[in-house]
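Single-structure report; data block below.
Readers should treat all values here as calculations from the given coordinates under stated rules, not as data from a laboratory. If you're wondering where the values come from, they're calculated on a predicted model, not measured in any experiment. We place every Cβ from the backbone using ideal geometry, glycine too, and count neighbours over all the protein chains shown.
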Amino acid sequence: MTSTYITTTIPYVNARPHLGHALELVQADVLARHRRAAGEQVRFQAGTDDNSLKNVLAAQAAGVDVQEFVDANAAAFTGLARPLSLSVDDLIRTSSDPRHRPGVERLWRACAARGDLYRRHYEGLYCVGCEQFYTDAELVGGRCPEHGTLPEPVSEVNWFFRLSRYADELRELIADGIIRVEPTERRNEVLALIDGGLTDFSVSRSTARARGWGIPVPGDPSQVIYVWWDALSNYLAALDYASGGANLDRWWDGAARRVHLLGKGVLRFHAVYWPAMLLSAGEAVPTDIVVHGYLTENGRKISKSSGAPGLVSTVDPYDLVDACGTDAVRWWLLREVPRGADADFTVERLIARANDELANGFGNLVNRVVSMIHRYRGGRVPAAPDGAPDHAAVDSAPLAAALGNAPGLIAAALDDFDFRRATEAVWRIADEANRYVNRTRPWDLAKAGDDAELAAVLAALLAACQAIGTHLAPFLPDAAARIARQCAPDATGCLPRPAPLLPRVV
Ligand SMILES: [Zn+2]
């Protein structure tokens, strides 16, 4: 059976999560649920990056013990699974998970055995916010392009990874689509980066500069392993890479797809450094690198690292779910964020979208249909429209088309990682079903005593509602389950009394 491994990045836990983290988790969850429903074996992997110097600095600034600080924030990240209804299979925490450190060390040793790790003196400008060195050309007015902060000069002996050795191989894998980078503009960005020349990069720092936090370099306790090496290794470490065995075979080497979701700011780490490390270690490379943009709020990037004024997050996913509900939050993230691009969030837009499409659209449709079946047929599910009168069949053609097209459109859109297009295909069913009600006017058919026609219309509408329950499941698992229950007849062939499924958000 086909197996697919889907990962999100593991965020730093220097603060609580914001809505941007929810976006990546929800996208990964949709892909996982969709593929499971298609009968594939799926492992949805997430976690937290505890070994970052940023965590140490944030804890010290807050005057809190580092481990305690990291524990509290990590719990806020892993706890998102409940309010966001995530079907995550496994969470790895890099500071406490017993699988992680030996996995990082094994990858280090594998690359060392290949002759790809060496020591040399290095001087450069380092942004702690990004945990990376910048060249003068990459800085904007001498400042970090992500954080707007001044990088700190660093001069020390470090371990380096021989990235330059893999430039040609990497270019070919990406150009040929063996490693698929989406969207295309990101793929071109990676190819341009490679064409600009790949230089070896520093993969350790002095233990003193790391404040003693992190994983020591095997055989060199004066150095700790670079946070990005440490963090990227989680994708293998979570599969028991250190000991090898069944999980590694099934979800990495043997998987049909190894899919990484990530934000545009960490593209080079995932599309250049990580595959090169894997090539060096003799492991399979990712099949899909799926890049999303940033969420902004009133035009400003939503961020938890407040390196510059105005970058403090006000969008807490817990608060948002408390106020608006899981379905409304997931729907906004899936329905309004363009593929691979930035999107501006406002709570007003989230509420408007939820009220228009969830409450007035899906919720109202199902409620209307079930109510009519109770009013006109005592709750009894009408027979399938076999030999339905002609004009009902004509009227139902656009609805039938929306229903028939939905599975293919959803699958194609999700293969493209286009969540807006996928949700549009489900929305189209509700939209056409509502038009169908208005065209066929079941209340007039009831008044005229046209029972056969009425039964055919109600049967078509109920089938549409049931299909919505099915197709909505990867996107809105909670709402879909309520719709499916509302549209499922009991042992006597009756539908449950209509209940509000998707109340308005106020
Ligand atoms: Zn930075």
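Summary of values
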read-out	value
Karplus-derived 3J(HN,Hα), 6.51/-1.76/1.60, for each residue of the stretch 268-280, Hz, glycine and proline x	5, 5, 7, 9, 10, 4, 5, x, 5, 4, 5, 4, 4
Tensor-based shape of the stretch 122-246 (alpha-carbon gyration tensor, a/c under 1.5 rounded, otherwise prolate or oblate)	oblate
Sum of side-chain charges, residue 484 neighbourhood, beta-carbon under 15 Å (Lys, Arg +1; Asp, Glu -1)	0
Karplus-derived 3J(HN,Hα), 6.51/-1.76/1.60, for each residue of the stretch 142-147, Hz, glycine and proline x	x, 10, 4, x, 8, 10
Nonlocal amide H pairs with residue 226, under 5 Å, H built at 1.01 Å	204, 205
Using θ = phi - 60° and Karplus 6.51 cos²θ - 1.76 cosθ + 1.60, couplings along the stretch 410-416 (whole Hz; Gly, Pro as x)	5, 4, 5, 5, 6, 5, 8
Lysines with Cα under 24 Å of residue 301, excluding same-chain neighbours fewer than 8 positions away	54, 264
Three-way shape label, the stretch 59-110, alpha-carbon gyration tensor, a/c 1.5	oblate
Rg(Cα) / (2.2 N^0.38 Å) computed for the stretch 77-171, rounded to two decimals	1.47
Amide proton proximity set for residue 90, modelled H, under 5 Å, gap of 5+	44, 46
Cubic angstrom per residue, convex hull over Cα atoms of the chain	160
Which of 230, 240, 136 has the fewest Cβ neighbours within 10 Å, and the rest in rising order	136, 240, 230
Interchain or long-range residues, amide H under 5 Å from residue 49's placed H	12, 13
Volume per residue that the Cα convex hull of the stretch 1-160 spans, once the total is divided by residue count, Å³	167
Sum of side-chain charges, residue 112 neighbourhood, beta-carbon under 12 Å (Lys, Arg +1; Asp, Glu -1)	+2
Whole-number D in µm²/s for the stretch 1-61 (Stokes-Einstein; Kirkwood sum over Cα pairs; 4 °C, 1.567 mPa s)	99
